[in-house]
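Following: one structure in structure tokens, then a few remarks.
The values are calculated or read from the model by the stated rules, or taken from the named source; none is laboratory data. The structure presented is a predicted model; accordingly, all values stated were derived computationally and were not measured. Neighbour counts are summed over all protein chains in view; Cβ atoms, including those assigned to glycine, are modelled from backbone coordinates with ideal geometry. These area figures cover heavy atoms from the full protein model, side chains too; ligands, DNA and RNA do not enter into them. Shrake-Rupley method; radii C 1.70, N 1.55, O 1.52, S 1.80 Å.
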Amino acid sequence: MNNNDDFISCWNEILVPKWNRFRHLLSGNGAVHSRMAYADFQIRPGDKVLDIGCGYGETCLEMGRLVGPGGEVLGLDCTEAFLEIANRERDEAGLDNVKFVLGDAQTYELPANYYDVVYSRFGVMFFQNIVYALKNAHKTLKPGGKLCMIVWRTIRDNPCWGLAKDVALKHLPPPGENAQTCGPGPFALADEETDRAMLKAAGFENVVLFKRNDAEVCIGTSLEEAIDFQILVGPSGEIVREAAELGREKLPVVREDMKASMKKYEKADGVYLPSSTWFIMARK
Ligand SMILES: C[S@@+](CC[C@H](N)C(=O)[O-])C[C@H]1O[C@@H](n2cnc3c(N)ncnc32)[C@H](O)[C@@H]1O
């Protein structure tokens with residue numbers, strides 16, 4: 001078993017129940033950024049689109065509508081449970097031009113020079129070897145085709161994740177080197193210079209967009225839900241999970257401290273914190 005098999009098991013075995021429970025927050029926050037990105041990415045009727053790390057496939061359905069019956073969208077993901085939901089929702093939406101396939105974005109055999117767009121919302125940074133996955137994306141794009149990615153900027157720019165992590169670290173140790181993780185992690189593409197180097201290494205010489213996008217996102221429809229969310233998901237969730245017995249022991253104090261830190265971000269319909277992403281577009 002190599003590391004990537006471990007990451008894929010982590011998604012399939014550990015993260016699925018949590019993602020299903022908090023889908024409205026995770027996908028909802030993704031949508032805040034991805035809806036803003038469509039104006040920059042300019043996906044057009046007739047385009048052939050590949051969505052790597054598509055999760056539940058919400059963006060595939062949106063792009064299926066954008067490309068219309070003359071275009072097509074393939075969603076690729078390594079987590080079977082997400083794709084079962086994606087297939088069901090595609091059938092309910094009656095979008096015949098959208099398909100899903102189970103596979104590893106780094107190694108999945110893709111046709112050469114086929115797609116107009118390779119898209120990913122918060123997917124690429126979880127692939128074990130990002131450059132390898134980007135090379136696969138480069139191969140499958142037509143000459144002139146575009147890679148469109150939405151990735152998190154640093155955790156400091158994302159209090160929606162960083163606030164709870166800081167609280168967890170006041171009471172618990174950071175996850176060790178052998179922690180079971182879902183891949184390089186949400187902030188693996190936060191640094192512009194690194195991203196440009198990775199893109200270049202994968203063959204993308206022509207980066208046409210590198211744009212910061214800031215938005216407030218909802219981390220819970222109530223203070224209690226925001227605490228549950230941060231205890232189970234994201235960087236603070238990983239700290240609590242990896243601390244095992246100690247994590248369980250300290251849970252009451254971590255929860256109280258999170259409540260105190262998040263209270264000031266509570267609005268009538270939930271808890272809202274700042275978030276920040278990069279919109280990146282590169283041409284083959
Ligand atoms: C943070 S989620 C983003 C999902 C979706 N794009 C969204 O924005 O809601 C990352 C996704 O990448 C998938 N993933 C992780 N490693 C992968 C790999 N090597 N190949 C394909 N998909 C992978 C996970 O199963 C998960 O659905």
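Quick look at the values:
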| read-out | value |
| --- | --- |
| Excluding exposed DSSP-loop GluC sites (Glu not before Pro) (at most 11 other C-beta within 10 Å), longest clean stretch of the chain | 1-108 |
| Separation of the Arg44 and Leu169 label points, Cα + 7 Å toward Cβ, nm | 4.6 nm |
| Around Leu172: net Lys/Arg minus Asp/Glu count, Cβ-Cβ under 15 Å | -1 |
| Extension gain, Arg21 back to Ala93 (0.36 nm per residue minus Cα-Cα distance, nm) | 23.7 nm |
| Charge context of Val151, other residues only, Cβ under 13 angstrom, K/R +1, D/E -1 | +1 |
| Förster-model FRET efficiency, 22 Å R0, Lys264 and Arg156, C-beta, rounded to 0.05 | 0.75 |
| Gain on full stretching of the segment that runs from Glu13 to Ser222 - 0.36 nm per residue minus C-alpha separation | 72.5 nm |
| Between the range 222-280 and the range 39-60, the alpha-carbon center distance in angstrom | 30 Å |
| Pairwise FRET efficiency - Asp5 versus Arg248, Cβ, R0 = 22 Å, nearest 0.05 | 0.20 |
| Sequence of Tyr38, Tyr108, Tyr115, Tyr132 from largest to smallest accessible area, 1.4 Å probe | Tyr132, Tyr108, Tyr38, Tyr115 |
| Gained length - Met36 relative to Lys211, 0.36 nm times residue gap less alpha-carbon distance | 61.9 nm |
| Per-residue [θ]222 nm for the chain (sum of -39500 (n - 2.57) over DSSP H runs n ≥ 4, rounded to 500) | -14000 deg cm²/dmol |
| Neighbour net charge for Leu61 - beta-carbon separation under 9 angstrom, K R +1, D E -1 | -1 |
| Degrees between helix 192-201 axis and first principal axis of the chain (Cα, 0 to 90, nearest 10) | 40 degrees |
